[in-house]
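Data first, discussion second: the structure below is written as structure tokens.
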Amino acid sequence: MQTVRAPATSANLGSGFDVFGVALDRPADVVRVEKADRTTIEMRGVGSQYIPEDPDKNVVGAVADALDAPAHIEIDKGVRPSSGLGSSAASSAAAAVALNALYDRGYSRQELVAVAAEGEAVVSGEAHADNVAPALLGGFTVARGDAVTTVDASIPLVACLPEIAVSTRDARRVVPESASMEDIVHTIGSAATLSVGMCRNDPALVGSGMDERVVTPARAELITGYDAVREAALDAGATGVTVSGAGPAVIAVCRESARRDVASAMVDAFSTAGVESRAYQTRVSEGATLY
Ligand SMILES: Nc1ncnc2c1ncn2[C@@H]1O[C@H](COP(=O)(O)OP(=O)(O)O)[C@@H](O)[C@H]1O
Ligand SMILES: N[C@@H](CCOP(=O)(O)O)C(=O)O
């Protein structure tokens, strides 16, 4: 038997659509695997009632197939599905690490990114790696084609998750098909600023580098209260706020000293908009852990 904890992740960070991601120190999924003749799945935990146990429909089934590693797989969900916090990626990454160890396949964490991304294809239609890369490798990750670059950053964050479900598949449908050269130049400037901020562990640069005008405004429309929550977080000391992944979670960057105030300002603003929410006071952290 092998047991792995894989963390929630926040993809995009505004300016890095389908490229940037960070591992959070919480919440997380825990996956246990045991060798079997065929793959079976048992789900428990947050939102598990909405997740199919059929291996053809659960991300970990695709990961087991990709590694040719049939197993009985128990998933304890800590990351709510359709959250914008890489729920499916946490299970995919944990299963990839656990099955790789169980069957002694010998793949490196970098090599497992493509394996875990096969799970993402099951739910979003595309094998995007911007959540599975940080879930496997930790830190701030830049996923570009087959290559992933990592920065071992440590930046305080608040991830505020409202009681709204937005599926990644639906949120991909609202992404504009084109952008003006002016917006592209703006995004490049932001992405470069954010990357430098991660290298320097500088929350001001990271926050300012989240600004993006093409994908984020389209996705913000799907999140009741988004503008008010963003304003409230900035007023409470956040250095940048954006949609986490495909939403509905909203991610704020801040200094350690402001994190508690930012968290309660975001929950209060969602509440004023009539939406219950939960704020995770977290930080850029480590990837999957094999116990
Ligand atoms: N092991 C799993 N964990 C979470 N979601 C899963 C899993 N397997 C399949 N799914 C499906 O994936 C979808 C959630 O994934 P996604 O929309 O990407 O959420 P998130 O934004 O949190 O990553 C749901 O439809 C869920 O049923
Ligand atoms: N780049 C993807 C990321 C989706 O993240 P999730 O946590 O919402 O699954 C996208 O923006 O569609």
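Below are the figures for this structure:
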{"read-out": "Criterion (of a type in the set (D, E, K, R) and within 16 Å of ligand 1 (Cβ to nearest atom)) met by exactly one of E177, E163", "value": "E163"}
{"read-out": "Within region 187-215, considering residues that are under 16 Å from T239 (Cβ atoms) and of a type in the set (V, I, T), the one surrounded by the most Cβ atoms within 10 Å (Cβ to Cβ)", "value": "V206"}
{"read-out": "Options D227, D183: the member that is without any contact (Cβ under 8 Å) to a residue 40 or more places away in the chain, closer than 29 Å to D261 by Cβ, assigned to a helix (DSSP H, G or I) and of a type in the set (D, E)", "value": "D227"}
{"read-out": "Within region 109-162, considering residues that are under 19 Å from D68 (Cβ atoms) and free of Cβ contacts under 8 Å to residues at least 24 places away in the same chain, the one nearest to ligand 2 (Cβ to nearest atom)", "value": "A127"}
{"read-out": "Qualifying positions in region 141-173 - closer than 18 Å to T242 by Cα and either among the aromatic types (F, W, Y) or modelled with pLDDT of 95 or more (or both)", "value": "T141, V142, I155, P156, L157, V158, A159, C160, L161, P162, E163"}
{"read-out": "Filter result for E53 (without any contact (Cβ under 8 Å) to a residue 60 or more places away in the chain, part of a loop (DSSP other than H, G, I, E, B), within 12 Å of ligand 1 (Cβ to nearest atom) and farther than 21 Å from T40 by Cβ)", "value": "no"}
{"read-out": "Qualifying residue in region 240-254 (condition: free of Cβ contacts under 8 Å to residues at least 40 places away in the same chain and either in contact with a Lys or Arg (Cβ under 7 Å, 6 or more places away or on another chain) or more than 16 Å from ligand 1 (Cβ to nearest atom) (or both))", "value": "yes"}
{"read-out": "Test set (1) within 14 Å of ligand 1 (Cβ to nearest atom); (2) assigned to a helix (DSSP H, G or I); (3) buried (at least 21 other Cβ atoms within 10 Å of the Cβ) - E118 fails condition number", "value": "(3)"}
{"read-out": "Lone unmet requirement of (1) within 13 Å of ligand 1 (Cβ to nearest atom); (2) touching a Pro at 6+ places or on another chain (Cβ under 7 Å); (3) not in a helix (DSSP H, G or I) for E42", "value": "(2)"}
{"read-out": "Residues that are surrounded by fewer than 24 Cβ atoms within 10 Å (Cβ to Cβ) and assigned to a loop (DSSP other than H, G, I, E, B), drawn from region 230-250", "value": "A236, G237"}
{"read-out": "Identity of the residue in region 17-37, over 17 Å from A159 (Cβ atoms) and away from ligand 2 (no atom under 11 Å from the Cβ), that ends up surrounded by the fewest Cβ atoms within 10 Å (Cβ to Cβ)", "value": "D37"}
{"read-out": "From the options V196, V206, residue that is part of a helix (DSSP H, G or I), in contact with a helix residue (DSSP H, G or I) (Cβ under 9 Å, 6 or more places away or on another chain) and either of a type in the set (F, W, Y) or without any contact (Cβ under 8 Å) to a residue 24 or more places away in the chain (or both)", "value": "V196"}
{"read-out": "Residue in region 1-16 that is farthest from S195 (Cα to Cα), counting only those that are within 9 Å of ligand 2 (Cβ to nearest atom) and within 12 Å of the chain's Cα centre (by Cα)", "value": "A8"}
{"read-out": "Among the residues listed as D29, D25, D37, the single one being under 16 Å from the mean Cα position of the chain (by Cα) and either within 17 Å of S88 (Cβ to Cβ) or outside any strand (DSSP E or B) (or both)", "value": "D29"}
{"read-out": "Meets criteria (surrounded by fewer than 16 Cβ atoms within 10 Å (Cβ to Cβ), more than 16 Å from ligand 2 (Cβ to nearest atom) and at pLDDT 95 or above) for D68", "value": "yes"}
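The values are calculated or read from the model by the stated rules, or taken from the named source; none is laboratory data. Please read all numbers here as calculations on a predicted model, not as lab measurements. With ideal geometry, Cβ positions are generated from the backbone for all residues, glycine too; neighbour counts draw on all protein chains shown.
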